[in-house]
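Below: the structure, in structure tokens.
The values are calculated or read from the model by the stated rules, or taken from the named source; none is laboratory data. Computed from a prediction, not measured in an experiment: that's the story for all the values here. When we count neighbours, we look across all protein chains shown, and the Cβ atoms used for this are built from the backbone with ideal geometry, even at glycine. Heads up: the accessible areas ignore ligands, DNA and RNA and are worked out on the full protein's heavy atoms, side chains in. Shrake-Rupley method; radii C 1.70, N 1.55, O 1.52, S 1.80 Å.
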Amino acid sequence: MAGSSYVDKALYTTTNTFGILRKELIESLGLEYAKFFLQRYGWNIGITHAKEVDYLPLTLTEKLNSAVGYHLASGQITDLLSERVLHLNPDDTVKYMYAKGIWVNSYEVEEHLKHFSQSDSCICHTLAGYSSGYTSYLTKKEVYIVEMTCRAKGDEHCAFEMRMLEHWDPETQADLRKISQTRMIDDLNKTYMELFEEKKHTEKVSTFHNNLTLGISQGMHIDQILETIYNTLNIPAIVQDLSFNTHHSIGMTQEQLEFIKEDFIQQMPQTKSGKILIQPIDPMQPSQVDCPNHTRLISPIIVQKQIIGYISFIYFSKDTNYKEEMHYLQRSAVSISLCYLNEKSSLEATENIKAYFFEQLLQQQYTSKKSMISRSYLLQIDLNEDFYIGNLGVSKKGIPVHEASTISKIIQSVIVYLEMHQTSIFITEFQDEIVFLFPKKDDTEDIYQNILKHLQRKFRNHDFRIGLSRVINDIDDIAEAHRQAISSLNINKRDTIVYFENTNILGSLINHQNSDIIVKLAQRELDPILSLKPNKRDEFLKTLYTFLNHNGNLNLTMVDLNLSMSGLVYRIQKIEELLDRNLRSSKNLFELILLIESLIVLGEIEIE
């Protein structure tokens, strides 16, 4: 109404009514926002009362003491016990101020405990805000009260301390400034904008993920997925295997790829063999690696609960906040994983066909060589070219492994590893062994070494060796080449990769045409020992084999077997009785060593 003036009228309400309002605030806004709301409410009441006192002809000390009367009159407390230290400048302005005290029977405690259980923190927010606002207005300084103990959380008293703002610790200062400087609507607006931006980012990431998923459903390969990632984000990306060899990349030249490879190697710890060590990466939280000249975000590529490689985003600038990019990287890793899973399913179907085809070759179950060679082209191996037949020996603590499930996992691991290196192979389980056909290449030896390293990392409790046949280029020779691969491992027990052509002459003398005859002859001559109980058989075979290898020298045999002379002589005499042969005869020595070596080469017996 024109001409009227506004009068700030005092409104009176009950503590019960205020308690209900306080309860609604806490339940609606949460304890943190309700705390600031109540503090500001008390702050404004305190300022209103301070303005009333400020008109009175009183000293500053008398004005400050008047606060007790307002407290008691409003019913907020029943008593106030306090001590104050106040130092003034010559012009009556405040130089230093400190106070501490106790609020007796705080109404806020009673109302809080009526509506809520015991609190974990102090809750007399209105009282603290009131005293802070009242004192700050009168002193023209920022002075704040902080409740130190509270009956609402089980303490004996509601005790407080009052200090000038600059005398509180930095963390408390930051909270206190919110009372007078920050409006709740500002906080809510800020939160809203943060949520809005987060919503926009989430929608963008979701669209990005949907585009990748759609691409995979339409048959996109890994290179096409990387192209989609690069076109959307304009961030260079690479896909690497477990040894951090790059197989796919986009957004970088070959020179840049070599540059970041060396930069990464210099940054990361390595084993003596040069293997890069990296801490386990949480699939839900990719890792950031800051190299001297670039930064990379790394996320694992997981297929059927196994990490098969990594995808990385590459940055040559280091002034970037990577929080948003982490979300894109996670989606990219999932998409690459799906891509590999699709390829793995397709690969498994193809490998089953390859395995069946290879078994036909091993068993010579074909009528037309020309037809088999033509089919091999479709399976990406040219059987007109030179190739090896290999035998992958697997053992655990020195005992050969023939368990079907383990063999299957090892075969799948080899297939996936070579697929990532874009290398074709025929591999299958045949007669409880892992047998493979591999084309001869200039870097064949390196490939075999890398396969063994890969398997050793994947199956840490197992040992692996590879036996290789002579190079052949005729599928009719595959069966014989298979025997050569097995013989290679039986003849040479030391090396991890054994070529048949490097083994002794005995292996060359045995072939598929005479192997059965040799086995029968050897078993007939050694049957008295071979038919003994396993422990005694192995003991006598080892004694005989060691004795023969030392050309009948008792002293050397005794040392090698760690036996006493009398114990060794007893065994030799017993063996002579069983075989009905004189082991002092050079002819007998030669024949027996030849028979035992033949059985070892053919895999009929094993001697440690």
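Name every residue in the range 368-394 that is assigned to a strand (DSSP E or B) and open to solvent by 60 Å² or more (accessible area, probe 1.4 Å), in order of residue number. Write out each step before concluding.
So the first thing to find is which residues in the range 368-394 are assigned to a strand (DSSP E or B), and the list is 387-394.
Within the range 368-394, none qualify.
For the range 209-242, give me each residue that is surrounded by 15 or more Cβ atoms within 10 Å (Cβ to Cβ) and assigned to a loop (DSSP other than H, G, I, E, B).
Across the range 209-242, the qualifying residues are MET220, ILE235, PRO236, ASP241, LEU242.
Is the range 171-182 home to any residue that is open to solvent by less than 80 Å² (accessible area, probe 1.4 Å), modelled with pLDDT of 90 or more and part of a helix (DSSP H, G or I)?
Within the range 171-182 (the criterion being open to solvent by less than 80 Å² (accessible area, probe 1.4 Å), modelled with pLDDT of 90 or more and part of a helix (DSSP H, G or I)), the answer is no, since none of the residues qualifies.
Might you let me know whether the range 344-367 holds any residue that is in a helix (DSSP H, G or I), more than 22 Å from ILE411 (Cβ to Cβ) and not hydroxyl-bearing (Ser, Thr, Tyr)?
There is no residue in the range 344-367 that is in a helix (DSSP H, G or I), more than 22 Å from ILE411 (Cβ to Cβ) and not hydroxyl-bearing (Ser, Thr, Tyr).
If a residue must be closer than 19 Å to GLU591 by Cβ, part of a helix (DSSP H, G or I) and out of contact with any Lys or Arg (no Cβ under 8 Å at 6 or more places or on another chain), how many such residues does the range 522-572 contain?
So the answer is 17.
So which pairs qualify, if the first residue must be in the range 44-60 and assigned by the TED database to the domain that holds LEU86, the second must be assigned to a helix (DSSP H, G or I) and open to solvent by 40 Å² or more (accessible area, probe 1.4 Å), the Cβ gap must be under 8 Å, and the two must be at least 6 apart or on different chains?
Final answer for the pair search is GLY46/TYR137; ILE47/TYR137; HIS49/TYR70; ALA50/TYR137; LYS51/TYR137; ASP54/TYR137.
Which condition from (1) in a helix (DSSP H, G or I); (2) open to solvent by 10 Å² or more (accessible area, probe 1.4 Å); (3) in the same structural domain as CYS291 (by the TED database) is the one that LYS318 breaks?
Every condition holds for LYS318 apart from (1).
Determine which member of the set HIS201, HIS209 is outside the structural domain of ILE336 (by the TED database), at pLDDT 75 or above and out of contact with any Cys (no Cβ under 6 Å at 6 or more places or on another chain).
HIS209 is the lone residue from the list that is outside the structural domain of ILE336 (by the TED database), at pLDDT 75 or above and out of contact with any Cys (no Cβ under 6 Å at 6 or more places or on another chain).
The conditions are (1) modelled with pLDDT of 90 or more; (2) not assigned by the TED database to the domain that holds SER132, and ASN105 fails exactly one of them. Which is it?
(2)
Residues in the range 395-413: is at least one in contact with a helix residue (DSSP H, G or I) (Cβ under 6 Å, 6 or more places away or on another chain), surrounded by 11 or more Cβ atoms within 10 Å (Cβ to Cβ) and more than 21 Å from ALA479 (Cβ to Cβ)?
yes
Would you point out which residue out of GLU419, GLU351, GLU385 is under 22 Å from PHE464 (Cβ atoms) and either at pLDDT 90 or above or in the same structural domain as ILE497 (by the TED database) (or both)?
Working: GLU351 fails: either at pLDDT 90 or above or in the same structural domain as ILE497 (by the TED database) (or both); GLU385 fails: under 22 Å from PHE464 (Cβ atoms).
Of the residues listed, the single one that is under 22 Å from PHE464 (Cβ atoms) and either at pLDDT 90 or above or in the same structural domain as ILE497 (by the TED database) (or both) is GLU419.
Report whether or not GLU83 is in the same structural domain as LYS23 (by the TED database) and either part of a strand (DSSP E or B) or in contact with a Leu (Cβ under 8 Å, 6 or more places away or on another chain) (or both). Full working, then the answer.
Numbers: in the same structural domain as LYS23 (by the TED database): yes; either part of a strand (DSSP E or B) or in contact with a Leu (Cβ under 8 Å, 6 or more places away or on another chain) (or both): yes.
Here the answer is yes, as GLU83 does meet what is asked.
Wholly within the range 5-78, which helices (runs of 4 or more DSSP H) include no fewer than the required count, namely at least 1 residues that are at pLDDT below 80?
Correct list: 15-29, 31-54, 67-74.
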